[in-house]
Amino acid sequence: MASTPSPPISSADPDLAAATPAVVLDTNAVLDWLVFRHISCLGWESRFAAGSVRWLASAAMREELAHVLDRGVGGDRVPDMSALWAAWDRWAMPAEAAHLAPPASHPRCTDAGDQKFIDLALAHRARWLVSRDRAVLKLARRARPLGLHILTPEAWEMTLSVG
């Protein structure tokens, strides 16, 4: 007998949302998951469906993904755009980072375009930021004391599988 997945955690239920660990996925992680179907990302949808993890994403992140997709993702890979955006709409919980300057203790990325991922993760106390970007990954040690683990998709999957 197949079990029915739980509905995604709604931001309308702040107590449940606050109790569920959050992740921020950078654009490359989203591409790995929803376009390239990388093996390290195969369990993500089931985790979001089960409500064991919340995926936080901002409007700026959606715009960046749309821009990257408009440029083409390379090779002969043609993503199913309606399925991709349906997955985004179903699993991404809209969130925005405060427009105030982050405290001096917050890590600053050498790539200003990637700062939005770090700021959102820290503003919403996400447990993880999943990225393949070297500039983001270099901040892992400085982010850890703030409660943020910056990991590759493979390392995040390993963390979830063990824990």
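Observations on the model:
- Cα-centred dipole magnitude for segment 82-163, charges only on beta-carbon of K, R (+1) and D, E (-1), debye, nearest 20: 340
- Taking 0.36 nm per residue of sequence separation and removing the Cα-Cα distance, the T110/F36 pair yields an extension gain of 24.0 nm.
- Alpha carbon Rg of segment 25-91, scaled by the compact-globule rule 2.2 N^0.38 Å: 1.08
- With both labels modelled 7 Å from their Cα along Cα-to-Cβ, the R132 to E96 distance reads 3.1 nm.
- Spherically averaged projected area of segment 64-163 from its Cα convex hull (nm²): 7.9
- Förster radius 22 Å - calculated FRET efficiency between V162 and E45 (Cβ-Cβ, nearest 0.05): 0.65
The numbers here are math on the coordinates, done by the rules we state, and not lab data. Everything numeric in this text was worked out from a predicted model, so none of it was measured. Ideal geometry is used to build each Cβ from the backbone, glycine not excepted, and the neighbour counts take in all protein chains shown.
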